[in-house]
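**Student:** One structure is given below, represented as structure tokens, and several questions about it will come after.
Nothing in this text is a laboratory measurement; each read-out follows from the coordinates by a stated rule. Just so it is clear, the model here is predicted, and its values are computed rather than measured. Here the Cβ positions follow ideal geometry from the backbone for every residue, glycine too, while neighbour counts run over all protein chains shown.
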Amino acid sequence: MSDRTLGIVGVGLIGGSVGMAARRAGWEVLGVDAPDVLELALGSGAIDRGATLEQVRSAQMVVLAAPVSRIAGLLADLMPTDALVTDVGSAKGAIVRAAAAAGIGLFVGGHPMAGSQLGGVANARADLFRGARYLLTPTADTRPDAYARVSQFVREDLGAVPTAIDPDRHDLLVAAVSHLPHLLAVALLQVTSGLSPEALTVAGPSFRDLTRVGSANPELWSDILAENAGAVRQVLDGFTEAMRRLEDDISDPAAIERHFSEAGAAYAALGGVIIERSGRNLEIAVPIENRPGMLARVTTLMGSSDINILDLYMEHSDTRHAALVLTIDSGFVEQALAVLRNAGFRAERAASE
């Protein structure tokens, strides 16, 4: 195989979109799926040819894009392989532990924050990830070169914005910003439709916007929620308490006004988190000891502070010491330096080309 061969296991909406973007970037893309799916994938330009799981073991990179409950088993089935392996599962804790248990030497967990209500490769498109946040979940065992290669693929070939985050923190945050809204849409539709047969006929645009995700693929979402059940329950507990406070304050106009004001401020801040501030990138060099866990510690610090790592590489000074070089948006530099220094790291900055 060529040194730009990508294997995609599961060529649906996400896997097919990865394939289209990768082919546009010059990769040869092999797809692993049912024969009828592969036929559609070939016709839509998502893959160059079909393959078996055994055949993609020798690819340069493998993306596991099957349903999230199947990914742990696929990691075991993929061995032996020297490929760089990543996945797109929406719950990460169990998957990164499964990768370690399977002995995958080069693994970086991933989760693109992009999608569509319409599933299947027939709805895939090459620009699905353009500008979207793409979460990567390094651990203490993640090799810096593996992280750097996946981050580069995400940014340059898929057009997404890679962000490092601890796997368990990922699961909690995604439970709040993705999984909980789907459950709320389901509950709201059930409550409203149960009021009377004509209740939904008077719904306006705001109701439709709020409940749109309630029409998502039932099989897909039952799978996702089961995989992240612990974090979802934790977030549901917080939401239940928030609703109880709203119920207590429902007859107090001043209190309700305060709740809406706080919510409005949070919503306004959302744009500042998603949109890059300056468009100019700088490099930060972080001296570290060359031992397990240091990469994960630094990337987790950045991810937990909502600072995107746009690129990452290592410069070794000797067998025991290295400089971890992070490329970030210049608007976040002072914050990044403060976070690193507060955690005990020395850090310097230099202009990036």
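**Student:** Would you please state which residues of segment 84-116 a label at Ala25 would reach in this model, taking the label point 7 Å out along Cα→Cβ and a backbone N cut-off of under 20 Å?
**Tutor:** The answer is 84-90, 106-116, whose backbone nitrogens lie closer than 20 Å to the label point.
**Student:** While we're looking at this one, here's another question. Between Ala176 and Ser330, what is the FRET efficiency for a Förster distance of 25 Å, r being their Cβ-Cβ separation, to the nearest 0.05?
**Tutor:** According to the calculation, E is roughly 0.30.
**Student:** What ranking of Thr139, Thr86 emerges when the number of other C-beta atoms within 10 Å of each C-beta is taken as an exposure proxy, fewest first?
**Tutor:** Thr139, Thr86
**Student:** If you take every DSSP beta bridge whose two residues both sit in the chain, what share of them, in percent to the nearest 5, is antiparallel?
**Tutor:** Antiparallel bridges make up about 50 percent of those DSSP assigns within the chain.
**Student:** What nm distance separates the two modelled labels at Asn217 and Ser305, each placed 7 Å from Cα along Cα→Cβ?
**Tutor:** Computed distance between label sites Asn217 and Ser305 equals 3.8 nm.
**Student:** Could you calculate the contour length gain from Arg341 to Ala265, that is, 0.36 nm times the residue separation minus the distance between their Cα atoms, to one decimal place in nm?
**Tutor:** Answer, rounded to one decimal: 24.4 nm.
**Student:** While we're here: Of Leu30, Gly119, Gln152, whose Cα points farthest to the positive end of the dipole of segment 5-165 (charges on the beta-carbon: +1 Lys, Arg; -1 Asp, Glu; origin at the Cα centre)?
**Tutor:** Ranked along the dipole, the leading option is Gln152.
**Student:** With a ≥ b ≥ c the root eigenvalues of the C-alpha gyration tensor of segment 116-262, is it rounded (a/c under 1.5), prolate (a/b larger than b/c) or oblate?
**Tutor:** The shape class here is prolate.
**Student:** Given the options Ala21, Ala268, Ala323, state which has the largest fluctuation in a GNM of the chain using a 10 Å cut-off (strictly under) for Cα springs.
**Tutor:** Maximum among the listed residues: Ala268.
**Student:** Pick from Phe129, Phe332, Phe260: which residue has the top mean-square fluctuation in a GNM of the chain where Cα pairs under 10 Å get a spring?
**Tutor:** Looking only at Phe129, Phe332, Phe260, the biggest GNM fluctuation is shown by Phe260.
**Student:** Please give, to one decimal in nm, the separation of the simple spin-label points placed at Leu200 and Arg49, each 7 Å out from Cα toward the Cβ.
**Tutor:** With each label point 7 Å from Cα toward Cβ, the separation is 4.7 nm.
**Student:** Around Ser304, what is the net charge, scoring Lys/Arg as +1 and Asp/Glu as -1 over all other residues with Cβ under 12 Å from its Cβ?
**Tutor:** Residues close to Ser304 contribute a combined charge of -1.
**Student:** A further question follows. In terms of the Cα gyration tensor, with a ≥ b ≥ c the square roots of its eigenvalues, is segment 92-140 rounded because a/c is under 1.5, prolate because a/b exceeds b/c, or oblate?
**Tutor:** Prolate is the answer for segment 92-140, as a/c is 1.5 or above and a/b outweighs b/c.
**Student:** If you don't mind, there's one more thing I want to ask. Give me Tyr134, Tyr313, Tyr267 ranked fewest to most by other Cβ atoms within 10 Å of their Cβ, as a rough exposure proxy.
**Tutor:** Tyr267, Tyr313, Tyr134
**Student:** Can you compute the equivalent ellipsoid semi-axes for the chain, i.e. the square root of 5 times each eigenvalue of the Cα gyration tensor, sorted largest first and rounded to whole Å?
**Tutor:** The equivalent ellipsoid of the chain has semi-axes of 35, 29, 18 Å.
**Student:** Quote the charge dipole size of the chain about the Cα centre in Debye, to the nearest 20; the model charges only the Cβ of Lys and Arg (+1) and of Asp and Glu (-1).
**Tutor:** The dipole magnitude comes to about 380 debye.
**Student:** Ranked by Cβ crowding within 10 angstrom, fewest neighbours first, how are His179, His259 ordered?
**Tutor:** If I rank by nearby Cβ atoms, fewest first, I get His259, His179.
**Student:** Counting only helical runs of four or more DSSP H residues, what would the 222 nm mean residue ellipticity of the chain come to if each run contributes -39,500 (n - 2.57) and the total is spread over all its residues?
**Tutor:** My calculation for the chain gives -14000 deg cm²/dmol from helical runs alone.
**Student:** Under a 10 Å cutoff between Cα atoms, tell me which one of Gly31, Gly73, Gly194 has the largest fluctuation in the Gaussian network model of the chain.
**Tutor:** Gly194
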